[in-house]
Amino acid sequence: MAAAARIIAAAILGVTLIMLGTSTTLGEDRRISGTQHDVAIPGTPVCMYCHIPHAANAETLWASKPNMTGAFSGLRPLCFSCHDGTVTSLGSFAFDLARPLHMRSPGVVGADCDRCHDAHGTPYAKFLKLPGAADFCQGCHAVAGPVNHPVDIDARSLGIEPQDSSWNPYAGDFHGTRLWSEDGTGPGDYMKCLSCHATHGGEPDTSFNTMPSGSLCTNCHVGKRQVPE
Amino acid sequence: MSFSFPGSEQLLPEAPRARMLSVAGLAALFVAAMAFIFPSLLPLSRESSSARISTAVYPAGQAWALPHPGEGEWLMPAGAVTIGDAIFVADTGNNRILRLERERGRATVLGGAGLTLQMPMAIATDGQRLFVANSLAGDIVILDPSGQLESTITLPAGATGAPPRPIGVAVVPGGGLVVSDAEHHRVLRLDAAGAVVWSVGTGARGGGTEGFNVPAAVTVDDAGNIYVVDTLNARVVVLSSTGRFIRQIGERGDTAGTLARPKGVAVDETRDIFVSDGLLAAVEVFDPDGKYLGLIGRRDPSDVQSTSALVAPAGISITDGVLLVTDRHAGLVAFDLPPRH
């Protein structure tokens, strides 16, 4: 079933790309140009950096995918081939296989990294498919799990200050609950889904939380602010 | 001048399956032979039972894999070089350099807390010192083998004013360095004091004979020719010692003999060119004229789905007939190269 779907998807992709020749039409549609994923030399095709033309029969194929099992499979090798510190160092921590990542089914269209990102460009930041920035999880999850913690509240005005509010995976710092601006696009005072979760780069053996279970709640709820039973 | 890899005839599309299977069947024997020939490397291999030691034979002679160095495992290492009995690894994800002692099979962290690195992407040696491309700090750090900081070369800013991002470094025989700057798409030749002798590249994404689109690993042959992995242009550019474009090697593709995402480069004494490819999960070999010779690492070079000893190969180096591949996820994998003639 899944294999058949993949073959059909691949066939559609191939045919589409062949039909479009240099792919300018779809290129515009796909909006690579002008996005951060436009890595082409000006005036040259923008698609070939992810869709590699087949040397032998001019078919347009996916990048090869050896080692298709395990955590480093599906779209990960392709994304990593640039996000590894060479083409960009952005998000390189997302490939630390010891860290949890939001559930994905490697190689399944729409359920891999492309569950949340569309590499061809989206109206939202970070190539995210859904609006909401640091609250964007709500676009798919109506209920925020058993914790179901309130979000979009100004924590600091309520006198709550995380003891550790920094979280900077680029500096090897994977601890802390971040407070966000009201719109969830940058630092601020608000509680958001991404205060406790980090889609990639969370604490091992958690629901990709930014702190281990033992210290997550007490990072904010201390003293009088203890978590009510 | 050139050579052919044992088994490189399997590159033919009609490669008989049965023979490949029988080759795989010889794996244990081969590894035993390797252990006999290179006993000094064994302690490392034995160190940890969870080690990812590949015992399969791959067409070009897969040899052995050095496991993770136990405690304080490395995280996405990008390059390694050998000095005598020690291997120095750019432990990129942990922002440090590791020293692996072959004899003791243990890893030590170089330099301790005094040495701060920010995403070291490449490492080179002149046999005495280590040169580290400290990518996010925009400088080259020079260390002695004990990890003592000798000096730091701060690279000049590029046209846009953004800090440089060095991701490749090589030692020029006779003095000086070649450094690639991914941010400004240029290759710099530095003299022994760290001053810029020449710079090649347009300052923006480019190609042809003048430019690069993310220049990455660099290496220099004994005649002083410079080899630059031009990552997004899917080629290796050969420059003269004065920075003149001589030729390019490789073309874009995802089949054996083409390049998808080249990462590392090394040149042996016959000037054959070895290129690691992060997407093909293999090392490809070209003769000095750019003719494709064979592929190292994959079980079936013609099948893009076939298993590989490599996962995401990056920096490569050749020392005493051993090709050392630093793989961002599989760790260090060493291949014994066939004898040359």
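The values are calculated or read from the model by the stated rules, or taken from the named source; none is laboratory data. The shown structure was predicted, so the numbers you read here are calculated from the model rather than taken from an experiment. Positions of Cβ are backbone-derived with ideal geometry, glycine not excepted, and every protein chain shown enters the neighbour counts.
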- Message: Out of the residues in segment B:188-205 meeting the condition of being within 14 Å of chain A (Cβ to nearest Cβ) and touching an Asp or Glu at 6+ places or on another chain (Cβ under 9 Å), tell me which one is farthest from B:Asp277 (Cα to Cα).
- Response: B:Thr202
- Item | Unique match (being more than 17 Å from B:Pro338 (Cα to Cα) and touching a residue at least 12 places away in the same chain (Cβ under 8 Å)) among B:Leu295, B:Leu280 | B:Leu280
- Query: more than 9 Å from chain A (Cβ to nearest Cβ), out of contact with any His (no Cβ under 9 Å at 6 or more places or on another chain) and either over 22 Å from A:Val39 (Cα atoms) or in contact (Cβ under 8 Å) with a residue 12 or more places away in the chain (or both): does that describe B:Ala256?
  - Reply: yes
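Given A:Leu179, A:Leu97, A:Leu130, which one is among the hydrophobic types (A, V, I, L, M, F, W, C) and in contact with a Pro (Cβ under 7 Å, 6 or more places away or on another chain)? I'd like the intermediate steps shown before the answer.
On the way: A:Leu97 fails: in contact with a Pro (Cβ under 7 Å, 6 or more places away or on another chain); A:Leu130 fails: in contact with a Pro (Cβ under 7 Å, 6 or more places away or on another chain).
Result of the check over A:Leu179, A:Leu97, A:Leu130: A:Leu179.
Can you name every residue in segment A:156-175 that is under 20 Å from A:Leu90 (Cβ atoms) and either among the acidic types (Asp, Glu) or crowded, with 20+ Cβ neighbours inside 10 Å (or both)?
Quick first cut of segment A:156-175, residues under 20 Å from A:Leu90 (Cβ atoms) only: A:166-174.
Residues satisfying the conditions are A:Trp167, A:Asp173.
Only one residue in B:Ser180, B:Ser241, B:Ser199 is more than 26 Å from A:Leu78 (Cα to Cα), at pLDDT 95 or above and either part of a strand (DSSP E or B) or basic (Lys, Arg) (or both), so which one is that?
Within the list B:Ser180, B:Ser241, B:Ser199, the selection yields B:Ser199.
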- Spot the failing condition for A:Ala142; the list is (1) part of a loop (DSSP other than H, G, I, E, B); (2) touching a strand residue (DSSP E or B) at 6+ places or on another chain (Cβ under 7 Å); (3) not aromatic (Phe, Trp, Tyr), and only one is missed. (2)
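Kindly indicate which of B:Pro288, B:Pro338 is assigned to a loop (DSSP other than H, G, I, E, B), surrounded by fewer than 24 Cβ atoms within 10 Å (Cβ to Cβ), at pLDDT below 85 and not β-branched (Val, Ile, Thr).
Numbers: B:Pro288 fails: at pLDDT below 85.
Matching residue, one of B:Pro288, B:Pro338: B:Pro338.
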- Task: Go through (1) more than 25 Å from B:Thr116 (Cβ to Cβ); (2) crowded, with 17+ Cβ neighbours inside 10 Å and name the single condition B:Ala182 misses.
- Result: (1)
- Message: For segment B:266-278, check the following and say yes or no: at least one residue is in a loop (DSSP other than H, G, I, E, B) and either within 10 Å of another protein chain (Cβ to nearest Cβ) or buried (at least 24 other Cβ atoms within 10 Å of the Cβ) (or both).
- Response: yes
- Query: From the set of residues in segment B:183-238 that are within 20 Å of the chain's Cα centre (by Cα) and of a type in the set (S, T, N, Q), which is farthest from B:Thr152 (Cα to Cα)?
  - Reply: B:Asn233
- Note on the structure: Per the filter on segment A:79-90, residues assigned to a loop (DSSP other than H, G, I, E, B), more than 9 Å from chain B (Cβ to nearest Cβ) and either aromatic (Phe, Trp, Tyr) or buried (at least 18 other Cβ atoms within 10 Å of the Cβ) (or both) are A:His83
- Just wondering, is there one or more residues in segment A:155-170 that are in contact with an Asp or Glu (Cβ under 8 Å, 6 or more places away or on another chain), closer than 17 Å to A:Met211 by Cα and either of a type in the set (D, E, K, R) or more than 14 Å from chain B (Cβ to nearest Cβ) (or both)? yes
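Considering each residue of segment A:49-65, count those that are at pLDDT 85 or above and facing another protein chain (nearest Cβ under 7 Å), and give that number.
To start, the set of residues in segment A:49-65 that are at pLDDT 85 or above comprises A:49-50.
Within this subset, residues satisfying the condition of being facing another protein chain (nearest Cβ under 7 Å) are A:49.
So the count comes out to 1.
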- Within segment A:66-77, considering residues that are facing another protein chain (nearest Cβ under 7 Å) and crowded, with 20+ Cβ neighbours inside 10 Å, the one modelled with the highest pLDDT: A:Pro77
- Name the one entry in A:Gly139, A:Gly176, A:Gly186 that is at positive phi and in the same structural domain as A:Val222 (by TED's automatic domain parsing). A:Gly176
- Counting only residues that are buried (at least 21 other Cβ atoms within 10 Å of the Cβ) and more than 9 Å from chain A (Cβ to nearest Cβ), which one in segment B:206-216 is nearest to A:Asp38 (Cα to Cα)? B:Phe212
- For B:Ala193: the one exception among (1) of a type in the set (A, V, I, L, M, F, W, C); (2) free of Cβ contacts under 8 Å to residues at least 12 places away in the same chain; (3) crowded, with 19+ Cβ neighbours inside 10 Å: (3)
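Based on this model, can you work out whether B:Arg261 counts as over 17 Å from B:Pro338 (Cβ atoms) and surrounded by fewer than 18 Cβ atoms within 10 Å (Cβ to Cβ)? Don't jump to the end; show me each part of the working.
Values: over 17 Å from B:Pro338 (Cβ atoms): yes; surrounded by fewer than 18 Cβ atoms within 10 Å (Cβ to Cβ): no.
So B:Arg261 does not fit the description; no.
Please enumerate the residues belonging to segment B:229-253 that are facing another protein chain (nearest Cβ under 10 Å) and touching a Phe, Trp or Tyr at 6+ places or on another chain (Cβ under 8 Å).
Initially, segment B:229-253 is screened for residues facing another protein chain (nearest Cβ under 10 Å), giving B:229, B:231-234, B:251-253.
B:Leu232, B:Asn233, listed by residue number.
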- Residue within segment B:167-187 that is in contact (Cβ under 8 Å) with a residue 24 or more places away in the chain, touching a Ser or Thr at 6+ places or on another chain (Cβ under 6 Å), farther than 24 Å from B:Ala90 by Cβ and facing chain A (nearest Cβ under 10 Å) present: no
- Somewhere in segment B:249-261, is a residue touching an Asp or Glu at 6+ places or on another chain (Cβ under 6 Å), under 25 Å from A:Cys82 (Cβ atoms) and of a type in the set (Val, Ile, Thr)? yes
- Query: Do you know which residues across segment B:123-172 are in contact with a Pro (Cβ under 9 Å, 6 or more places away or on another chain), of a type in the set (D, E, K, R) and assigned to a loop (DSSP other than H, G, I, E, B)?
  - Reply: B:Asp126, B:Arg129
